[in-house]
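The block underneath contains the structure these notes are about, expressed in structure tokens.
All of the numbers you see were taken from the coordinates with simple rules; none came from a lab. All values derive from a computational prediction rather than experimental measurement. We place every Cβ from the backbone using ideal geometry, glycine too, and count neighbours over all the protein chains shown.
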Amino acid sequence: WLHTWKVLSTSPFKQAVVFTTDTPAVTSVKVNPQEVSVSAGVPVQLTAVVETTGFANKAVTWAITQDPETDPAKKATVDLTGKVNIPAGHIASTDKKQDTLIKVTATSIYDKEKNGTASITVL
């Protein structure tokens with residue numbers, strides 16, 4: 001009999017097991033910074049701080065939940081990492097009324113009821 005020994009595949013992931021008595025849950029989601037004032041054309045990097053118990057997933061989804069700009073080409077956008085792009089020409093806020101702010105929301109993917117928001121004033 002001829003025997004050949006070789007590695008057919010490898011994985012960079014190690015097997016791991018976690019034992020915990022805590023029930024997985026998201027306790028809070030906060031966005032830093034919570035309030036920002038910037039000029040149009042300047043990107044803003046937001047971060048989500050997710051507090052969990054029991055090894056719950058800390059990932060979030062980002063969304064613009066309020067933008068007073070009516071021109072679709074000038075509306076603010078947010079990417080998967082929380083970077084908000086505000087195009088040049090976006091309407092500027094004349095005061096700090098709530099309806100003139102861009103609101104960005106980070107929502108937990110583990111518990112959709114938990115979210116945090118940030119308000120951006122365009123100067």
Check: Given H placed on each backbone N at 1.01 Å, which residues far from V42 in sequence or on other chains put an amide H within less than 5 Å of it?
Finding: I86
Next item on the list: Quote to one decimal, in nm, the extra length available between E113 and Q66 on full extension: 0.36 nm per residue of separation minus the C-alpha distance between them.
Entry: 15.1 nm
Notebook entry, point to check: Using a Förster distance of 25 Å, how high is the FRET efficiency between L80 and F19, based on the Cβ-Cβ distance and rounded to 0.05?
Noted result: 0.20
Check: When you count, for each residue, the other Cβ atoms within 10 Å and take the mean per peptide, how do 107-115, 30-38 rank with the highest first?
Finding: 107-115, 30-38
Margin query: Check which residues have an amide H placed less than 5 Å from K83's amide H, if you skip close sequence neighbours.
Written below: L46
Notebook entry, point to check: Using a Förster distance of 41 Å, how high is the FRET efficiency between A59 and V38, based on the Cβ-Cβ distance and rounded to 0.05?
Noted result: 0.95
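Answer rounded, prolate or oblate for the stretch 44-123, using the Cα gyration tensor with square roots of eigenvalues a ≥ b ≥ c: rounded when a/c is under 1.5, else prolate when a/b is larger than b/c, else oblate.
Here the stretch 44-123 falls in the prolate category.
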Next item on the list: List, in order, the whole-Hz ³J(HN,Hα) value for each residue of the stretch 65-78 obtained from phi through the Karplus relation with A = 6.51, B = -1.76, C = 1.60 and θ = phi - 60°; use x for Gly and Pro.
Entry: 9, 7, 8, x, 5, 9, 7, x, 6, 9, 5, 6, 10, 10
